[in-house]
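Some notes on the structure that comes next.
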Amino acid sequence: DVKVTQSSRYLVKRTGEKVFLECVQDMDHENMFWYRQDPGLGLRLIYFSYDVKMKEKGDIPEGYSVSREKKERFSLILESASTNQTSMYLCASSTTGGGSYEQYFGPGTRLTVT
Amino acid sequence: RKEVEQDPGPFNVPEGATVAFNCTYSNSASQSFFWYRQDCRKEPKLLMSVYSSGNEDGRFTAQLNRASQYISLLIRDSKLSDSATYLCAANYGGATNKLIFGTGTLLAVQP
């Protein structure tokens, strides 16, 4: 079974703090993704990475950055947290081989910024 | 127009009923489609992949209609445990591994 883990299930931070969310997958997947999910808006792609040290902006990258130093680990960084970044953050991974695009999700981090 | 659209529901059905959801997509280059199940406050979990005309797994059947650009999910003999939000997703097309997700359809199976 694919396993994707995220560093925290719940996190409370103050406005202006720098926030690190970590994601680790154990399936040697090339691709990793960060989404946020908000009621009525669905899953929105923040950033994704298709290889170590490679990254591409998704649909809503503003206010976020990412780091992928090792294949299994993909970090999302909120440079200066704001209240409108309160959300559920979901990490996912997928393989490139065989034309398969299935993404497997971690349990999510529910971030509250006060 | 949203790229992947779903009826948000809720669909309230009795146990044992058959229920079907549709999902339309706008990108004709999309080749791969997926249904995910998401329980309240949990992560989406892959339910079915659809690469050609359809796929079946027990009580669940997914169909793809390329001409009309929609996929459907049919659940037969609904169980209380099927209550969840069902998300559909399509790949962006081309070589990218990105998926576009719909906002989900809420299913509530009543006893």
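Any read-out appearing in this document is the output of simple, stated calculations on the displayed coordinates, not a laboratory observation. Predicted, not measured: the structure shown is a model, and the values here were computed from it. A quick note on method: Cβ atoms are made from the backbone with ideal geometry, for glycine too, and the neighbour counts reach across all protein chains shown.
At-a-glance table
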read-out	value
Per residue Cα convex hull volume in Å³ - calculated over segment A:1-97	103
Equivalent ellipsoid dimensions for segment B:1-85 as semi-axes, Å, which come from the Cα gyration tensor, largest first	22, 15, 12
Top positive-direction residue, dipole computed over chain A with Cβ charges, set A:VAL19, A:ASN31, A:VAL4	A:VAL19
Cross-link pairs beyond the 20 Å C-alpha cut-off, checked among A:LYS53/B:LYS98; A:LYS53/B:LYS42; A:LYS55/B:LYS98; A:LYS57/B:LYS42; A:LYS71/B:LYS45	A:LYS53/B:LYS42; A:LYS57/B:LYS42; A:LYS71/B:LYS45
Enclosed volume per residue, in Å³, of the convex hull spanned by Cα atoms of segment A:42-114	103
Cα gyration tensor shape of segment B:39-101, rounded if a/c is under 1.5, else prolate or oblate by comparing a/b with b/c	oblate
Sequence-distant aspartates and glutamates (8 or more away, or on other chains) whose Cα lies within less than 20 Å of A:LYS70	A:GLU22, A:ASP26, A:ASP28, A:GLU30, A:ASP51, A:GLU56
When the protein assembly as shown is reduced to its Cα atoms, the Kirkwood hydrodynamic radius in Å	18.1
Residues whose placed amide H lies under 5 Å from that of B:LEU47, excluding near-sequence neighbours	B:TRP35, B:TYR36, B:ARG37
